[in-house]
Each structure stands twice: as C-alpha cells, then as structure tokens.
Amino acid sequence: MIKKRKKNPYTEVYALGQHICMSAHKARRVVDQIRGRSYEETLMILELMPYRACYPIFKLVYSAAANASHNMCFKEADLVISKAEVNEGSTVKKLKPRARGRGYPIKRSTCHITIVLKNTSLDEEYIIWLKKHR
C-alpha cells in the first residue's frame, strides 16, 4: 500500500470546479501549460490563450487566489500553482429528435478541475531548492 506524504495545510489553498461542460482532454491541454507557474504569470497565459477551456480555469485560479488572500492572508505575489488536475465527470446523455420519429443520442462530457496554490514564502523545501539551483 502506498502512503501519501501529508502536505502542510497552512501553505496550500485550493479551488474545485465540478461539472464543467467540457471534455477532460481539452481542459488538460490548458492545465498542462500552467502547472508549476506563478499566479501572475498564469493569469497572463490564460488571458492570451485562444482555447475555450481557458475561461473556467481562469476563474478557478482567480478563486483559489481569493481564498488564499481572504482565508489565509497570503500575498498573491508569493503564490505558485503546485497542483492542477482535471478528472472526468459524469456524461449527460440526451436524445435529439431526427426524421421519421427517430432519436439520435448526444453525449455531453463534463470534467472536474482542481487548482492548488502554494505559498512559497512559507515553504522551507522551496527555499532550499532555490538556494541549490541559483
């Protein structure tokens, strides 16, 4: 059995968006671009990318930063996206009416997006990593 190392809850804040009407594959294409970047850089990237998935992800990043500043009193300049994941949600199945009384099935896929922001000013591991690589 694999045990996960517990993270410090005092340095991380998250926002969760559920049942977003979009394919998980299309949302992952955008999330892979922002993982590991700073908060301000992420907002600039999401504003300039031409994909439809950018807007809900932008709202989630903005919401996670609002949670960090309001609930934990973190500065937005110190936030980094430590974890961003997209999971498949439920599929909405409908029938579209067609000719001669037939029905054509339509499947609308949904996804769940989780954005976790980490405060780098309080993280000892990040400071040690910066000292090694600079």
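For the reader, a short list of remarks on this structure follows.
- Of the residues making up segment 22-36, those that are over 12 Å from the mean Cα position of the chain (by Cα) and surrounded by 14 or more Cβ atoms within 10 Å (Cβ to Cβ) are Met22, Ser23, Lys26.
- Test set (1) in a helix (DSSP H, G or I); (2) surrounded by 12 or more Cβ atoms within 10 Å (Cβ to Cβ); (3) touching a residue at least 24 places away in the same chain (Cβ under 8 Å) - Leu46 fails condition number: (3)
- Residue match in segment 118-126 (condition: loosely packed, with under 13 Cβ neighbours inside 10 Å, at positive phi, at pLDDT below 90 and not polar (S, T, N, Q)): no
- Long-range neighbours under 7 Å by Cβ, at least six apart or interchain, first residue touching a residue at least 12 places away in the same chain (Cβ under 8 Å) and closer than 12 Å to Arg108 by Cα within segment 81-97, second among the hydrophobic types (A, V, I, L, M, F, W, C) and outside any strand (DSSP E or B): Glu88/Ala24
- Within segment 51-63, residues that are over 15 Å from Cys111 (Cα atoms) and in contact (Cβ under 8 Å) with a residue 40 or more places away in the chain reach partners that are of a type in the set (Phe, Trp, Tyr) and in a helix (DSSP H, G or I) with beta carbons closer than 8 Å, at six or more positions or on different chains, in the pairs Val61/Tyr39.
Condition check ((1) of a type in the set (A, V, I, L, M, F, W, C); (2) farther than 24 Å from Gln18 by Cβ; (3) in a strand (DSSP E or B); (4) in contact with a Cys (Cβ under 6 Å, 6 or more places away or on another chain)) across all residues:
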position	(1), (2), (3), (4)
His70	no, no, no, no
Ala77	yes, yes, no, no
Glu85	no, no, yes, no
Gly89	no, no, yes, yes
Lys93	no, no, yes, no
Lys107	no, no, yes, no
Ile113	yes, no, yes, no
Leu117	yes, no, yes, no
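- Considered as a group, the residues in segment 1-21 that are out of contact with any Pro (no Cβ under 9 Å at 6 or more places or on another chain) and crowded, with 16+ Cβ neighbours inside 10 Å include one that is modelled with the highest pLDDT, and that residue is Ala15.
The values are calculated or read from the model by the stated rules, or taken from the named source; none is laboratory data. Keep in mind that this is a model prediction, so the values were computed, not measured. Using ideal geometry, Cβ is built from the backbone for each residue, glycine included, and neighbour counts are taken over all protein chains shown.
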